[in-house]
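**Student:** Here you go, one structure.
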Amino acid sequence: MEEASNAAVKAKRKYRAIYLLVPLVLAAAIFGALEWRKHAINSQVQTALVDEAGATTTVYRRDLLGGNDIVFDIQAVSGDMSMVIMTRRLLKTAEALKDADLGRVFLAYKGHEKFYLDGAYFKQIGAERQTQNAIYTIRTMPENVHNVDGSPAFQTWSGGILGVLGQQMDDVNEFHRKWWADDAVNDLGK
């Protein structure tokens with residue numbers, strides 16, 4: 001009788017171990033898959049940015065379980081980084097990911113999301129990088145930028161060409177200042 005009781009206890013322990021082990025194995029597999037997805041997209045971008053210096057950026061999926069939203073995150077900036085160079089980094093990233101199905105591309109500084117671009121626009125500027133006039137892309141980018149809450153971050157200008165160009169370039173400067181430049185200056189001053 002006692003042997004039967006011991007056998008039942010051993011069987012319960014065995015099943016309890018399995019019940020504990022299966023969720024751990026599943027969690028490890030899911031974590032591994034998510035890390036692989038994160039690494040795969042960032043690896044593609046880092047290959048495109050291999051000749052770029054002056055900043056450390058990383059690109060990753062915004063949601064743990066995948067999704068089509070990504071984050072272009074500036075981790076560090078050196079003192080000689082400029083707004084034009086950062087725009088070039090962003091455009092090279094768009095070119096590297098031009099075939100990806102993206103929902104939104106969040107622009108962040110040290111993990112803090114500041115703005116986003118629609119995935120379709122990001123795909124467009126990536127596809128056009130080699131053929132579109134870079135000045136046109138730079139000056140019209142702010143009108144395609146959204147605040148994190150979805151509202152437009154900048155307006156679309158109309159009127160005389162000189163006035164419009166001036167307003168657009170002011171928006172470009174403000175966009176970069178709010179996205180990363182002001183924070184980077186503060187970080188460098190510390």
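Just so it is clear, none of the values below were taken in a lab; they were calculated from the coordinates. If you're wondering where the values come from, they're calculated on a predicted model, not measured in any experiment. Here the Cβ is made from the backbone with ideal geometry for all residues, glycine too, and neighbour counts use every protein chain on show.
**Student:** Pop out the ³J(HN,Hα) list for segment 127-138 in order, Karplus 6.51 cos²θ - 1.76 cosθ + 1.60 with θ = phi - 60°, rounded to Hz; leave Gly and Pro as x.
**Tutor:** So the Karplus estimates, Gly and Pro as x, are 5, 8, 3, 7, 10, 7, 4, 4, 5, 4, 4, 5 Hz.
**Student:** Let me check I've understood the local charge: for W157, count other residues with C-beta under 15 angstrom from its C-beta, Lys and Arg +1, Asp and Glu -1. What total comes out?
**Tutor:** -3
**Student:** Can you give the extra length, in nm with one decimal, that the chain gains between Q130 and R88 once fully stretched, where that is 0.36 nm per residue apart less the Cα-Cα distance?
**Tutor:** Length gained between Q130 and R88: 14.0 nm.
**Student:** Can you tell me the mean projection area, over all orientations, of the convex hull of segment 40-189's alpha carbons? Units nm², please.
**Tutor:** One quarter of the hull surface, i.e. the mean projection, equals 9.0 nm².
**Student:** Mind listing the phi-derived Karplus ³J(HN,Hα) values for segment 143-154, rounded to whole Hz, using 6.51, -1.76 and 1.60 with θ = phi - 60°, and x for any glycine or proline?
**Tutor:** With coefficients 6.51, -1.76 and 1.60, one gets 5, 9, 8, 10, 5, 4, 6, x, 6, x, 7, 9 Hz.
**Student:** Let me ask another. With point charges of +1 on the Cβ of Lys and Arg and -1 on the Cβ of Asp and Glu, referenced to the Cα centre of segment 40-189, which listed residue (G54, F175, A100) lies farthest in the positive direction of the dipole?
**Tutor:** Result: A100, furthest along the dipole toward the positive end.
**Student:** Step through the residues of segment 155-162 one at a time and calculate ³J(HN,Hα) from phi using the Karplus curve (6.51 cos²θ - 1.76 cosθ + 1.60, θ = phi - 60°), rounding each to whole Hz and writing x for Gly and Pro.
**Tutor:** Residue by residue, segment 155-162 yields 9, 8, 9, 9, x, x, 4, 5 Hz.
**Student:** Can you compute the modelled spin-label distance between D99 and A76, with each label point 7 Å from Cα toward Cβ, in nm?
**Tutor:** Label at D99, label at A76, 3.3 nm between them.
**Student:** Under a point-charge model restricted to the Cβ atoms of Lys and Arg (+1) and Asp and Glu (-1), what is the dipole moment magnitude of segment 40-189 relative to its Cα centre, in debye to the nearest 20?
**Tutor:** Its charge dipole is roughly 180 debye.
**Student:** Let me ask something else about it. So for I74, I135, I161, fewest C-beta neighbours within 10 Å to most, what's the order?
**Tutor:** I161, I135, I74
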